[in-house]
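Heads up: the structure comes next, in structure tokens.
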Amino acid sequence: MASDDESCLMCHKMPGLGRYAKDENQNATKRILYVNEALFKASYHGRLPCKSCHRGVDEIPHTDAEKVDCASDCHIKDPSSNSGFSHRAIVHDLSMSAHGARQAKAGLEDDLPDCKYCHSNKPYQRSDADHRQSMKFLNICLQCHESEEWAERFYKHISYRASIRRSSKQIVELCSQCHADRVMMDNHELDVVVGFNDTFHGKAIRYGDAEVANCLNCHAPYESGFSPHSILSQRQSRSPVSGDNKIETCRQSGCHTGAKEEFATSGKIHPASFTTVQMMRRNTLNRPGDADPETAFQEWVLHMISLFYKTLIIVVVGGLALHQVLDVLAIRRERRARGG
Amino acid sequence: MLDALKAIIRTVYIFALMGFTLWFGYFLHPVIFGMDGAETEEDIATREIGAFFGEGATEEEKEFMKSIKQQQQTSTTDLGYMVIEEQYVKGHFHHVGMKVESDSSSICTGCHGAVPHDKAKTIRAFLNMHAFYMACETCHVRPEGNEPRYEFRWYDKETGKVVANPPGLNTLDESMYGNYAAKISPGELRRDGTFKFLNGPKELAFVERYLKEESRLNDTQKSKMKKVIHRNVNEDPLICDGCHTIVDEPYLPYTLLGYPQRRLHELTSTEVVGMINKYKEFYIPHLLRGGGVDKDVEAE
């Protein structure tokens, strides 16, 4: 019970503990003060005392509770260096990234994702859908380490990171919550990323392909030293999607290894959805209405080709189906004529 | 013989090909038609607002629809070995891990909601917590003068019927506490041995009827009806000490309701009582007017 020597859970384990909090505009938000003990213990932070994140909280009632700050020291040691552990570095990365308040348009900081927008206190996933397989490996640890609880904890700690933590679908869903929100992106003068699902990457992801690139593989590849917290604007020269870096990004980790220079410069990565012309906001400073005639023509040609193929497919597949139906009817009639 | 075989092969071939065509069409459809034309969340929201309020929805109406949608939203977290499904609350960090059954047989929640307490700043969260496994009447309706004590039973949140004591009460798994899909509520034992809750289906039907007709009543009528609904709501609801002190005859018959001795000791332990006493230092009771009389009406 390392996490509850402070007996916070005496009250916080009870479901229903909560209230509505009103802000200045009288908008009520639900505040659930209940913490599911079992899920908390199984989570990444399950071994931390509540107070290592919730500073203050010495008074009852909690008039002294401070806001949780992910950059504060959490009183555990990093075993690799024996120094105090905290997420300070990540907080710093995020503040310097495209999602940092410093980089964003002033006055619109509320639109930016903070740590808990992208992270909940999730319990560890088993690395393996097959539980028994996991257990077999855990038994290996238990050959040498005595405590099962301890071994399981570290086993999960490592195996969780060794597998894919979020599926590509989940990443696309996460980023699209904001980047497919037309109003929000308009406010930031960015293009709304709605065409992604029409690309081959998007379609493969929809079929559950885990190999294909999702938003993060292009915008923050771990291979080149980026992380989800250091996403940069394409206008920053260090960005993996700016100018010359693009081709390296395409070539990374066995993807388009043989790609030529032109591969990254021809065509649009985020295609238009035919209703608005995309990817020409901050870099060209054009509004969608006044796209230059050349681009508009290109869009029109693309649209026509797509329409042609769609029609063709409907006619061919439909014709095939119709042919089959007629064929069956013919057999029946033939048989009836013969038998009857 | 050969002819029959031929016919069979032919039929099998044709059906297989038909099946293949359908499957191919189904499989290829998303590849070719992609997502374009598919509604975004925003489109859906706009359409629903339009359907509800007609074309010119005001900003407030849009906000209202948004908040309703958020109430209904659930989040699912797939952990590989289990799926957590819970109400979605934006930016909520710790997992709730369960879906909350709504109490469809309470006569009060239709107007006050399931999280009704707000005024007493220090204890409101505790009051709401108790309302999760206790009917409002448990604290808000008390026998007056020398009326006999109430009896208490558990009722099913969905059906409103008396149910057996929840097995969850006896578990050592603390994360099960309070989460019974049932609530404690007062009532009386009839001569024939059956149990009748203070507020049952009859009262619920009355409230539902009232809410339907409300717009057609004038203020005096409304105020009268609310008085009827609140007729036995006490101005002085039961607070913490009422249940969390060691007495011979506690307000709630814990043993009868299925609480094991161990839990009884916990509920009256120095830990809980000490904490409650600290809260009491800061708690200034509001004088509830009960009766639900609207302020403007009262002023007349």
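Laboratory data are not the source of any read-out in this text; all were calculated from the coordinates shown. Just so it is clear, the model here is predicted, and its values are computed rather than measured. Quick reminder, even Gly has a Cβ in these numbers, built from the backbone with ideal geometry, and neighbours come from all protein chains shown.
Please compute the average number of Cβ atoms from other chains found within 10 Å of each residue's Cβ in peptide A:108-118.
Mean shielding by partner chains, rounded to a whole number: 1.
Ignore the peptide's own chain and count Cβ atoms of other chains within 10 Å of each Cβ in A:16-24; give me the average, rounded.
6
Please arrange B:12, B:273 by how many other C-beta atoms lie within 10 Å of their C-beta, fewest to most.
B:12, B:273
Peptide A:36-42: average number of partner chain Cβ atoms within 10 Å per residue?
Mean partner shielding for this stretch: 6.
Residues with amide H under 5 Å of residue B:134's amide H, sequence separation 5 or more or different chain, H placed in the peptide plane at 1.01 Å from N; which?
Amide H neighbours of residue B:134, under 5 Å, 5+ apart: B:184.
Sort A:94, A:216 by Cβ crowding within 10 Å, fewest neighbours at the top.
Ordered by Cβ neighbours within 10 Å, fewest first: A:216, A:94.
For Cα pairs less than 8 Å apart in space and 6+ apart in sequence, what is the mean separation divided by the residue count of chain A, i.e. the relative contact order in percent?
Worked out over chain A, it gives 9 percent.
For chain A, what does -39500 (n - 2.57) per DSSP helix run (n ≥ 4), summed and divided by total residues, give at 222 nm, in deg cm²/dmol to the nearest 500?
That comes out to -12500 deg cm²/dmol.
Where in chain A is the longest stretch that carries no GluC sites (Glu not before Pro) classed as loop by DSSP and with at most 15 other Cβ atoms within 10 Å?
With GluC sites (Glu not before Pro) excluded where exposed in loops, chain A gives A:212-340 as its longest stretch.
Arrange A:327, A:110 by Cβ neighbour counts within 10 Å, fewest through most, would you?
In increasing order of surrounding Cβ atoms, one gets A:110, A:327.
Roughly how many nanometres apart are two label points built 7 Å out from the Cα toward the Cβ at residue B:266 and residue A:184?
4.0
Would you tally the net charge around residue A:338, using a Cβ to Cβ cut-off of less than 15 Å, leaving residue A:338 out, and scoring K and R as +1, D and E as -1?
Charge balance in the 15 Å sphere: +4.
Report the residues of the range B:124-141 in range of a label on residue B:203: point 7 Å along Cα→C-beta, backbone N strictly under 15 Å from it.
Residues passing the 15 Å test: B:134-141.
I need the phi-derived Karplus couplings for the range A:311-323: 6.51 cos²θ - 1.76 cosθ + 1.60, θ = phi - 60°, integer Hz, Gly and Pro marked x.
Result, rounded to whole Hz: 4, 4, 5, 4, 5, 5, 5, x, x, 4, 4, 4, 4.
Test of understanding: extend the Cα→C-beta vector of residue A:259 to 7 Å, then name every residue of the range A:192-210 with backbone N under 11 Å from that spot.
It comes to no residues whatsoever.
How high is the relative contact order of the range A:1-69, in percent, with contacts defined as C-alpha pairs under 8 Å that are six or more residues apart?
It comes to 28 percent, rounded to a whole number.
For a quick check of your reading of the filter: which GluC sites (Glu not before Pro) in the range B:155-252 sit in a DSSP loop and have no more than 12 other Cβ atoms within 10 Å?
Listed in order of number, the matching sites are B:235.
When the Karplus curve 6.51 cos²θ - 1.76 cosθ + 1.60 is applied with θ = phi - 60°, which whole-Hz ³J(HN,Hα) does each residue of the range B:137-149 get, with x for Gly and Pro?
With coefficients 6.51, -1.76 and 1.60, one gets 4, 3, 9, 8, 10, 10, x, 9, x, 9, 4, x, 5 Hz.
May I ask which residue of A:48, A:8, A:29 lies farthest towards the positive end of the charge dipole of the range A:1-68, with charges of +1 (Lys, Arg) and -1 (Asp, Glu) on Cβ and the Cα centre as origin?
Of the candidates, A:29 comes out farthest on the positive side.
What list of ³J(HN,Hα) couplings, whole Hz, do you get for the range B:176-192 from phi and the Karplus terms 6.51, -1.76, 1.60, once you set θ to phi - 60° and write x for glycine and proline?
8, 4, x, 9, 10, 6, 9, 9, 7, 8, x, x, 9, 7, 7, 4, 6
Residue A:51 to residue A:236: extension gain in nm, 0.36 nm per residue of separation minus the Cα-Cα distance?
Residue separation times 0.36 nm, minus the Cα-Cα distance, leaves 62.7 nm.
Can you pick out the pairs among B:99/B:161; A:116/A:203; A:13/B:157; A:136/A:156; A:77/A:169 whose Cα atoms lie more than 24 Å from each other?
In this structure, A:116/A:203; A:77/A:169 lie more than 24 Å apart at Cα.
Report relative contact order for the range A:1-123 in percent, whole number only (criteria: Cα-Cα under 8 Å, sequence separation at least 6).
Reported as a whole number, the value is 19 percent.
Treat every Asp and Glu Cβ in the range A:294-339 as -1 and every Lys and Arg Cβ as +1, leave all other atoms uncharged, and give the resulting dipole magnitude about the Cα centre to the nearest 20 debye.
Around 700 debye, computed over the range A:294-339.
For the range A:294-339, with the dipole built from +1 on Lys and Arg beta-carbon atoms and -1 on Asp and Glu ones, taken about the Cα centre, which of A:329, A:306, A:318 lies farthest toward the positive end?
With unit charges placed on the Cβ atoms, the residue in question is A:329.
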